[in-house]
Structure formats: C-alpha cells, structure tokens
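Colleague: Please read through the structure below; I'll follow up with questions.
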Amino acid sequence: MQARSYQIATPGKLLIAGEYAVTELNQPGIVVAVNRYINVSIAESNAQVLDLPQLGLNQVKWYYVDGKVTFSISDNRLRFMQQAMQTVYAYLAEQQITIQPFQLSVTSELDDSSGIKYGLGSSAAITVATISAILRLHKDETLDKDIIYKLAAISHFQTQGNGSCADIAASTYGGWLHYTSFDGSWLLKQLKTQCNISKIVDGNWASLHIEKLNLPSSLVFCVGWTGKAAATAPMVTRIQQLKENNQQGYQNFLMDSQKAVETIVNGCKTDNAKLMLDGIKQNRNVLRRLSNQAGVEIETTLLNQLANLAEDYGSGKSSGAGGGDCGIAFVEGEENVVKLNQVWEQIGIKTLDLMPSINGTRIIKHE
C-alpha cells in the first residue's frame, strides 16, 4: 500500500492594530493572515527525518522516547518545531492514537531571497503548520482549527512563556481577525499543574475572542517593507519597564489603544472606510506616544516616511513591534495604490504584493 502523504500551507501574518496592548488581558487587536506561506510536506516513512533546506538542515533524524522529542543535531532554530511535535504527540497519546513515523520537509515564503525576515510571523506559522501536518497524518478527518490553535498556543507558551498568540490565530484561521487573547497566566498555571493536554484544549479559555472581519469595500490593503529586520526583544523589554515604572501612563496607553481598535472594528462592521482610516490614524498616534514614553523607536525614520506618504492617499502606520520590518497602509482606489507604491519606492521602501489569506492553515494536496 502506498504511503500516505499531505502538503500543508500555513499563512504568515501582519498585525494591523493594537500592538503591544494585545498582549494584555482583555485588550483587543486586529491581525490579518497574508498570502506568504510555510509549506510542509509530511509522508509516512520509517526514516523519521526532517528537511529544512533553506536553513541548510537536511536529513535531521527525530526520535520520540518517553514523551520527549529529540533531534540528531542541536540547533536553536528547531526549538519551535521540537516543542510543536512534543505537544501534539502528548495530545495524540491521550487520545490513544499510535504515533506514526514520518518524513517532514519545510519550505518558507516568509523571508526575502537573502534570508532576511519580513516580520510575517515565521515561528507561529511553523508551529501551526507542524501541528496541522501531524494531526492530519494521524487523524483521518478535516483539520479542526480550534484544536490546532489551542495546541499551537500551548506549544508557543511552552517554548517562549508569553505572548498574545494573535499570530497563531491568523495562521490557523486566516483572514482579518478581531482578536483578544486568553489569560496567559492561567495557561501557564494549567501547564504547571495539569499534565493532561486534552483537558486544557477542551476547557474554556476565558477572555479569548476570535472574530472574522471584512475590510471596508472601498479600501485596498498595501504593505511596504523597510528592508531592515526588527529586533523586537529589546523593545518589548523597554515597554515592560514603562509598565512597571509608569503605571498610569501605561494604563492610558491601553485605554487609547482599545479606543483606536474599536474604531477600526466599527469601520469594518459598518463598511465605513472613513471610520477605519480614522482608527488607523488614532492607533499610529497611540504608538508614537508610547514610543516617546518608553524611549524606544517603534516608528523608525523610514516607517515614519512610509506612514506620512500614506496619509496623502488614505492612512498608514507601522505594523507589529515596529523598529523595522513592514509598514501598512489602507488606500481608497487602485489609482492611489499605484501612486503610493511609486512614492514608497522612491525612498527605498519595497512594496510587497501581499493579500489576505482567507482560509488559514489548510491541506493543499494529499495522496
């Protein structure tokens, strides 16, 4: 009998609004899945190897012994895959499903040709893709997005210990999402005191909110890349210091961010382009004030120019943590998109031909 095989495509993401605030409990953000993918091929095989050719990692042997996944090499770049495999195996074992040996290969569209990251959420996408592929190989049924999201979030927290998991939601469900995170401290407590992954997955994740949105019909989504990858860890540290040292200032930031996101959501729900553009401007101003208070460069010189130029045709801002990577804009009319792309390119901003990926993680081929 021919060995079963599947190909899984899992989209990257861009954070649209609510940056930094969305990591806090009950703080909303907006995220979109984009049509650049982590592509995973999985096939039944006794070889039990991983191939990641773009990282120069080929024929990496994997082992699953006594509930632990280990690899034949030590490479920090594999930590998200390692934890994803370990988490999904624990879940499958609890479902009394026998672990099958397999060969898995990964290719990524989330970096440029030189390997510089665009900031499209590669660690989240590879976590979701790995879990999707292994679940599909072991369970002969349609992918359950809720189970994938929760397993990926658990895996992410076991690897990193924090985060909003908005990127995981985008990679899992696809499209434009109005997102509010679960209580991260609750999940960490569950992982420390509850050894049964299935019970955590089946339980109620209080505060988690994932709602599909539609962009106002007259707006076009534009993405510009600065050519510089952002170093997010130092920026997050400075924001955390602000939270500890200026609690009132930080609370004001959270309130202002929430108002901006709510304005954008209302614009989407009522097909009101002006309302959404106003919300994007509000959120940009909120992040600029946060930048000044924390002493961190969220909006770099190039991101500042990107957003200022977008104001002539609609509205724009930095995306995600800032400090580099991508900026975004929403523009009315295709003719204005062409004009904006031209002025962006004149100052060294590369236009990325990105569109929303509506379906999220999905099987694109099986044999």
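The values are calculated or read from the model by the stated rules, or taken from the named source; none is laboratory data. What you see is a predicted model, and the numbers here were worked out from it, not measured in a lab. Ideal geometry is used to build each Cβ from the backbone, glycine not excepted, and the neighbour counts take in all protein chains shown. Side chains are part of the model used for accessible areas, which takes the heavy atoms of the whole protein and leaves out ligands, DNA and RNA. Shrake-Rupley method; radii C 1.70, N 1.55, O 1.52, S 1.80 Å.
Colleague: In region 18-45, what residues are open to solvent by less than 10 Å² (accessible area, probe 1.4 Å) and either touching a Lys or Arg at 6+ places or on another chain (Cβ under 8 Å) or hydroxyl-bearing (Ser, Thr, Tyr) (or both)?
Modeller: Matches in region 18-45: VAL31, VAL32, ALA33, VAL34, ILE42.
Colleague: Follow-up. Across region 93-122, what is the total count of residues that are surrounded by fewer than 20 Cβ atoms within 10 Å (Cβ to Cβ) and either of a type outside the set (Lys, Arg) or over 21 Å from CYS165 (Cβ atoms) (or both)?
Modeller: The initial filter retains those residues of region 93-122 that are surrounded by fewer than 20 Cβ atoms within 10 Å (Cβ to Cβ), namely 93-101, 103, 105, 107, 109, 111-117.
Restricting the remaining residues to those that are either of a type outside the set (Lys, Arg) or over 21 Å from CYS165 (Cβ atoms) (or both) gives 93-101, 103, 105, 107, 109, 111-116.
Selection size over region 93-122: 19.
Colleague: Identify, please: which residue in region 46-61 is of a type outside the set (S, T, N, Q) and open to solvent by 50 Å² or more (accessible area, probe 1.4 Å) and is, among those, nearest to GLY163 (Cα to Cα)?
Modeller: Within region 46-61, the first condition is being of a type outside the set (S, T, N, Q), and the residues that meet it are 47, 49-53, 55-57, 60-61.
The next check asks that each one be open to solvent by 50 Å² or more (accessible area, probe 1.4 Å); those that pass are 53, 55-56, 61.
Working: PRO53: 28, LEU55: 25, GLY56: 29, LYS61: 30 Å.
Selected residue: LEU55.
Colleague: Where in region 54-162 are the strands (runs of 3 or more DSSP E), entirely inside, with at least 2 residues that are without any contact (Cβ under 8 Å) to a residue 60 or more places away in the chain?
Modeller: Values: elements: 57-65, 68-71, 102-108.
Those strands (runs of 3 or more DSSP E) span 57-65, 68-71.
Colleague: So, restricting to helices (runs of 4 or more DSSP H) that lie completely within region 243-331, which ones have at least 1 residues that are in contact (Cβ under 8 Å) with a residue 40 or more places away in the chain, closer than 21 Å to PRO28 by Cα and open to solvent by less than 10 Å² (accessible area, probe 1.4 Å)? Write out each step before concluding.
Modeller: Working: elements: 247-269, 273-294, 301-310.
The qualifying helices (runs of 4 or more DSSP H) are 247-269, 273-294.
Colleague: In region 207-242, how many residues are of a type in the set (Ser, Thr, Tyr), surrounded by 15 or more Cβ atoms within 10 Å (Cβ to Cβ) and within 27 Å of LYS150 (Cα to Cα)? Spell out how you get there, then give the answer.
Modeller: Residues of region 207-242 that are of a type in the set (Ser, Thr, Tyr), as a first pass: 207, 217-218, 226, 232, 237.
Still in the list and also surrounded by 15 or more Cβ atoms within 10 Å (Cβ to Cβ): 218, 226, 232.
Narrowing the set further to residues that are within 27 Å of LYS150 (Cα to Cα) leaves 232.
Adding up the residues that qualify gives 1.
Colleague: Still on this model: Among the residues of region 137-155 satisfying the criterion of being at pLDDT below 95 and not hydroxyl-bearing (Ser, Thr, Tyr), which is farthest from the chain's Cα centre (by Cα)? Steps first, please.
Modeller: Applying the first criterion (at pLDDT below 95) to region 137-155 yields 137-144.
Cutting the leftovers down to not hydroxyl-bearing (Ser, Thr, Tyr) gives us 137-141, 143-144.
Details: LEU137: 24, HIS138: 25, LYS139: 25, ASP140: 27, GLU141: 25, LEU143: 19, ASP144: 18 Å.
Applying the filter and picking the extreme gives ASP140.
Colleague: Of all residues in region 163-213, which are among the charged types (D, E, K, R) and in contact with a helix residue (DSSP H, G or I) (Cβ under 8 Å, 6 or more places away or on another chain)?
Modeller: Listed by number, the residues that qualify are ASP167, LYS212.
Colleague: Condition first: open to solvent by less than 50 Å² (accessible area, probe 1.4 Å) and more than 14 Å from LEU151 (Cα to Cα). Now tell me which residues in region 195-206 satisfy that.
Modeller: Of region 195-206, the ones open to solvent by less than 50 Å² (accessible area, probe 1.4 Å) are 196-198, 200-201, 203, 205.
Listed by number, the list is empty, since nothing qualifies.
Colleague: Output the residue which, of all residues in region 332-352 that are open to solvent by less than 30 Å² (accessible area, probe 1.4 Å) and of a type outside the set (Gly, Ala, Ser), is farthest from THR301 (Cα to Cα).
Modeller: Within region 332-352, the first condition is being open to solvent by less than 30 Å² (accessible area, probe 1.4 Å), and the residues that meet it are 333, 337, 340, 344, 349, 352.
Now drop any that are not of a type outside the set (Gly, Ala, Ser), which leaves 337, 340, 344, 349, 352.
On the way: VAL337: 22, LEU340: 17, TRP344: 13, ILE349: 12, LEU352: 19 Å.
Looking at the filtered set, the residue picked out is VAL337.
Colleague: I would also like to ask the following. Please determine whether any residue of region 145-152 is open to solvent by less than 40 Å² (accessible area, probe 1.4 Å) and over 30 Å from ALA230 (Cβ atoms).
Modeller: The answer is yes; a qualifying residue exists.
Colleague: Here is a follow-up. Go through region 205-235 and give me each residue that's under 15 Å from LEU14 (Cβ atoms), under 18 Å from the mean Cα position of the chain (by Cα) and in a loop (DSSP other than H, G, I, E, B).
Modeller: Passing the criteria: ALA229, ALA230.
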